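A short worksheet on the structure shown next.
The values are calculated or read from the model by the stated rules, or taken from the named source; none is laboratory data. If you're wondering where the values come from, they're calculated on a predicted model, not measured in any experiment. Using ideal geometry, Cβ is built from the backbone for each residue, glycine included, and neighbour counts are taken over all protein chains shown.
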Amino acid sequence: MRRSKQEIMDKAKLDEILAGSEICRLSMLDGQLPYIIPVNYGYREGKIYIHSAPKGKKIELLLKNEQVCFEVEDTVEIVKGDEACDWSTRYRSVVGYATVEILSDESSKQEGLEVIMAQHGAPELVDFDPGNMKRMVIIKLTIVSVTGKQSSNWDHTF
């Protein structure tokens with residue numbers, strides 16, 4: 001990382017960002033081209049859970065290559081200045097690599113959905129419609145490596 005002073009090395013802070021954010025950008029390979037999509041997700045113990053339809057471009061790409069890159073950011077704020085070059089951004093973000101497993105059994109889907117609901121503030125909502133459960137899969141990302149970065153003005157504000 002070019003600006004090593006901005007690197008987040010504390011695992012607790014990395015986990016805080018992953019557990020506190022709502023959107024994950026998932027990047028896959030589509031032949032020789034990158035393909036990226038925003039998804040809501042849940043994070044727990046080094047794993048990211050995403051719900052998905054069992055068919056579609058995302059699933060097709062993941063079946064071809066189980067390695068992905070992902071990005072999550074915490075609070076992002078544009079800080080306006082009086083002149084163009086006085087503007088900045090306050091942020092914390094995480095970029096990582098993971099391997100993917102597509103889960104289709106009922107207990108794994110239940111567990112993944114519980115993690116997702118907890119991430120979004122509703123840990124008590126764990127009774128999922130059986131019809132909906134049959135029409136979905138859970139994509140489980142097992143994190144292989146992760147790095148974090150925060151803006152140089154982060155600690156002055158948050």
Checklist (1) in a helix (DSSP H, G or I); (2) under 14 Å from the mean Cα position of the chain (by Cα); (3) free of Cβ contacts under 8 Å to residues at least 60 places away in the same chain applied to ALA98, failing item: (1)
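Give me a count of the residues in the stretch 135-150 that are part of a strand (DSSP E or B) and of a type in the set (Lys, Arg). Break it down stepwise before answering.
Looking only at the stretch 135-150, we keep the residues that are part of a strand (DSSP E or B), and these are 137-150.
Imposing the further condition that a residue be of a type in the set (Lys, Arg) reduces the set to 140, 149.
Number of matching residues: 2.
Sort through VAL39, VAL76, VAL100 and tell me the only one that's of a type in the set (Val, Ile, Thr), over 13 Å from ALA19 (Cα atoms) and touching a Ser or Thr at 6+ places or on another chain (Cβ under 7 Å).
Details: VAL39 fails: touching a Ser or Thr at 6+ places or on another chain (Cβ under 7 Å); VAL100 fails: touching a Ser or Thr at 6+ places or on another chain (Cβ under 7 Å).
The conditions single out VAL76.
I need the full set of residues from the stretch 67-95 which are part of a loop (DSSP other than H, G, I, E, B), within 26 Å of ASP10 (Cα to Cα) and not β-branched (Val, Ile, Thr), in order please. Explain how you work it out, then say what you get.
Quick first cut of the stretch 67-95, residues part of a loop (DSSP other than H, G, I, E, B) only: 74-76, 80-83, 87, 91.
Among the residues that remain, those that are also within 26 Å of ASP10 (Cα to Cα) are: 74-76, 91.
Passing the criteria: ASP74, TYR91.
Does the stretch 7-18 hold any residues that are surrounded by 15 or more Cβ atoms within 10 Å (Cβ to Cβ) and assigned to a helix (DSSP H, G or I), and which are they? Before the answer, list the steps.
Here is the first cut: in the stretch 7-18, the ones surrounded by 15 or more Cβ atoms within 10 Å (Cβ to Cβ) are 8, 13-18.
Result: LYS13, LEU14, ASP15, GLU16, ILE17, LEU18.
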Condition check for GLU73: within 14 Å of the chain's Cα centre (by Cα) and modelled with pLDDT under 95: yes
Residue among SER93, SER88 that alone is surrounded by 11 or more Cβ atoms within 10 Å (Cβ to Cβ), over 14 Å from the mean Cα position of the chain (by Cα), of a type in the set (Gly, Ala, Ser) and closer than 30 Å to LYS5 by Cα: SER88
